[in-house]
Structures are given as structure tokens and as C-alpha cells.
Amino acid sequence: MMSQTPNVPGPDQIRRAPKVLLHDHLDGGLRPGTIVELAAARGYAALPETEADKLGVWFREAADSGSLERYLETFAHTCAVMQTRDALFRVAAECAEDLAEDGVVYAEVRYAPEQHLTAGLTLEEVVEAVNDGFREGERRARANGHRIRVGALLTAMRHAARALEIAELANRYRDLGVVGFDIAGAEAGYPPTRHLDAFEYLKRENNHFTIHAGEAFGLPSIWQALQWCGADRLGHGVRIIDDIEVADDGGVKLGRLASYVRDKRIPLELCPSSNLQTGAAASYAEHPIGLLRKLHFRVTVNTDNRLMSGTSMSREFEKLTEAFGYTLDDMQWFTVNAMKSAFIPFDERLAMINDVVKPGYAELKSEWLFRQTSTTSGSSGASA
Ligand SMILES: O=c1[nH]cnc2c1ncn2[C@H]1C[C@H](O)[C@@H](CO)O1
Ligand SMILES: [Zn+2]
């Protein structure tokens, strides 16, 4: 009798599974070939490599330093070639295409408009170029048989002083392609409370925001992001593990902050490969996602920077499947968590879960029923 095998997905099933991505940087996901072409067109001569494959390797190696500060230095090259409307449009369109090709059905992609002004664009022109690019990428994806919806998150850099201005920009483009706000950049020395005026403004406007917190720096940063700033989600938040004690007998004790995060269902935008590069975790198998998932935190899986980590949503899930034996049911759980935590309206999130995510997983989970056997004679051919 044929019995159901556990739903441990292979690479092909992982790629075809509907995936939802909440934490991905536009300036961290360019195709290496595009960087080379844009640099040549703009006369940007500071690229460390001018051959696409070598440049891809350079980004991965340079980002692999164990330090968030050094990791962030690599963005100087991607931002340098994203300074014109055409370049931003192209990068955004390719981003949507690449995500769709990887089986992502819904993505929130972030970038910092203030980092794209050196050739004279205004903040509004930057946002409109990226939005138009996303729409174009969605169209191209559809023409290739994929469906994807991409929303933008506008990021303010935490070392700078433009957070309120960027928050106002996010509010102005709400319902016009921008779904929320974020702050990013070096964490140590730049607490989120520096930008309290921006967060208070967004709350008064009933708008949504996430905050990079608990990546390079620990619990105080998460606490501030939630209890002073009122973040809807945590970008990374992986250091919440520091508030969880696991005893030798396996008993688990949550501190007050970890309890709050779990009880309030605060979404954690975990990015395993990125954490390995910046030193926030030592290996996939030791990544806190294993424990946090077991304890039913609202965990989501994300790429952070596909270029710097040489990754994709499918690769992140492959690594987690290898490390923890996750099944299609686990993948669906992470995906539903992400869709529940998105910044689009509730009815749209629900429809994405019920009409796109769940049917997609049901289809994959039923594949074993239709697997062809090697013989039709009733004999397996093997001697008993
Ligand atoms: O993982 C990150 N932590 C903090 N900041 C980050 C991370 N990845 C990218 N950034 C920064 C560098 C980008 O230029 C900026 C906007 O996307 O956000
Ligand atoms: Zn990030």
C-alpha cells in the first residue's frame, strides 16, 4: 500500500510553493549584471569588479565579515548606480520579476529614498520611479505565468536626521504603492528613540511601521522599538532569544519582554543567512529560528539582501529544511504568519491566505497521491 511520505519538500517544491516576503532591501537585491551595466552607463568607476559573476562573489565575500557595519559598507556601490529614474525603474522591475520567478506571491520591499538623491532626483521622483518599476515587474511576471504583488516600505537611515520627512513621504504615498515605513542602518549607538517624532507622527496617521531592532544589538533595542516607538513588527528581532532561558531538562522560561513579544503576536522578520554574515548566529542549525518556531512566536522567514547573501526565499527555506527537517506544513505556517503580518488591509491578507497560499500548499501536499509507480502489474518487482 502506498502511504503518505512526510511532506519534506525538495528544492523544486520549495521553489513552486507560494512564499511571502516582508523584509527585503531593494538596494540589497540587484542582479550583478545590472550593477555592471548601470555603472558603465553612469561612469561609476569605483566598482571592485566589472565582470558580473566576480562582482556577485565580491558582494558575498565582502558582506561575510561578521560585522553589521562592514556589511553595510557594500551598499555604497549599489546605491551609487541607483540615482536616476531609469536605474530605479529597472532595478525595481527586475526585483519584482526575480521574486516572482522564485515563487514569491506577495512582497514588501524596502529602500531609503534619501540615499537616491545625488543626481538631482527629488524624494517624490524616487518613490514614483520605484513604484512604476514594481508595477512593470508585476506585469512582466504575469506575462511569464507568475502572479506577484509588491508593496514598498520607505526606510529612513538611523544615523541621519530625515526620519520625520520620510515618514511624511510614506504617508503621502499610502494607497499609491507604499505600504509602510522602516528604519535601518547601524544599530549600536543609534537607538530607535532618536526618531520618536517620526513614529509618533505615523501612529497619529494610523500608519504602519517596522523597525530594524535586535540584530547587532540586543534586548534594549527591541524594548525601545516596541515600548517607546510602537513598532508593528521587528526587523530581525532575533536577539529576543537573549530573554529566553532553556534549562538542561529542556524547560523553557520566557522573560517579560519575550513573553510580551509572543503574547502580542509581534511579527519577527527573521533573516537567517544575513544573520550568519553579520555574526548574529553561528550556523543555520544553531539559528534561534528553531526554538522560536517551536515556542510559537510569530516567526517569518526573509531574505534581507539577496545580493549580499547570494540568497533567495527558496534558498532560505532549503537551508531551514536541511537544518530542522521542516515540512510543507511548516513552510505553510511561516508563510501564513508572514501574510497575516503584512501591512495591506485585513480583507486582502485574508484573501491571499485563503485563495492563494493555502490552495498552493494543498496542491503541493497532494502531489504524492498522483506519483506514478514503476509498474502497473501489481508487483513491485522486488523480491520479498
Ligand atoms: O540587515 C540590515 N540591518 C540594518 N540595515 C540594513 C540591513 N540591510 C540593509 N540595511 C540598510 C542598508 C541599505 O542601504 C538601507 C536601505 O535599504 O538599509
Ligand atoms: Zn534589513
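Every read-out reported here was derived from the displayed coordinates using simple, explicitly stated rules and does not represent laboratory data. Note that this is a predicted model, so its numbers are computed, not measured. Cβ atoms come from the backbone with ideal geometry, glycine included; neighbour counts cover every protein chain shown.
Points to keep in mind about this one:
- Summed residue charge, Cβ within 12 Å of Val104's Cβ, Lys/Arg positive, Asp/Glu negative: -2
- FRET efficiency for the Lys253 to Lys358 pair, using the beta carbon distance and R₀ = 30 Å, is estimated at 0.30.
- Size of electric dipole in the range 48-118: Cβ of Lys, Arg +1 and of Asp, Glu -1, about Cα centre, debye, nearest 20: 240 debye
- Cα-Cα pairs of the chain separated by more than 25 Å (percent): 55 percent
- Those residues of the range 79-107 whose amide nitrogen sits under 15 Å from the label point placed on Thr122, 7 Å along Cα→Cβ: 85
- Where Cα atoms sit under 30 Å apart: lysine pairs in the chain separated by 8 or more or lying on different chains: 28
- Enclosing the Cα atoms of the range 249-384 in their convex hull gives a volume equal to 195 cubic angstrom per residue.
- Label sites at Arg139 and Leu369, each approximated as a point 7 angstrom past Cα along Cα to Cβ, lie 4.0 nm apart.
- Rotationally averaged projected area of the range 1-152 (alpha carbon convex hull; nm²): 11.4 nm²
- Here the extension length gained between Ala282 and Ile344 equals 18.9 nm, from 0.36 nm per residue of separation less the Cα-Cα distance.
- Between the amide H of Leu117 and any residue lying 5 or more places away or on another chain, no distance stays under 5 Å, with hydrogens modeled in the peptide plane.
- A cut-off of 5 Å between modelled amide H atoms, ignoring neighbours fewer than 5 places along the same chain, links Ala156 with Asp182, Ile183, Ala184.
- Using the average count of surrounding beta-carbon atoms within 10 Å as a protection proxy, the listed peptides 346-359, 60-73, 290-303, 186-199 rank, highest first, as 290-303, 186-199, 60-73, 346-359.
- Candidates Thr118, Cys79, Ile241 compared by Cα position along the dipole of the chain: farthest toward the positive end lies Ile241, with charges placed on Cβ.
- Karplus-derived 3J(HN,Hα) values for the range 345-356, using 6.51 cos²θ - 1.76 cosθ + 1.60 with θ = phi - 60°, are x, 3, 5, 6, 4, 4, 5, 4, 5, 7, 9, 10 Hz; glycine and proline are entered as x.
- D_trans [Stokes-Einstein, Kirkwood Rh over alpha-carbon pairs] for the range 108-185, 4 °C, 1.567 mPa s, µm² s⁻¹: 100 µm²/s
- At 0.890 mPa s and 25 °C, Stokes D of the range 1-66 from Kirkwood alpha-carbon radius, µm² per second: 159 µm²/s
- Whole-percent pair-distance distribution, where bins are 5 Å wide, for the alpha carbons of the range 130-234: 2, 13, 22, 20, 15, 11, 9, 5, 3, 0
- Evaluating 6.51 cos²θ - 1.76 cosθ + 1.60 at θ = phi - 60° for every residue in the range 217-227, the Karplus couplings come out as 10, x, 4, x, 5, 5, 4, 4, 4, 7, 8 Hz, glycine and proline recorded as x.
- One decimal place: the segment Glu205-Trp228 gains 6.6 nm when fully extended, by the rule 0.36 nm per residue minus the C-alpha distance.
- Lys, Arg +1 and Asp, Glu -1 on Cβ, resulting dipole of the range 256-384 about Cα centre, debye, nearest 20: 380 debye
- Using θ = phi - 60° and Karplus 6.51 cos²θ - 1.76 cosθ + 1.60, couplings along the range 49-56 (whole Hz; Gly, Pro as x): 9, 10, 10, 3, 4, 5, 5, x
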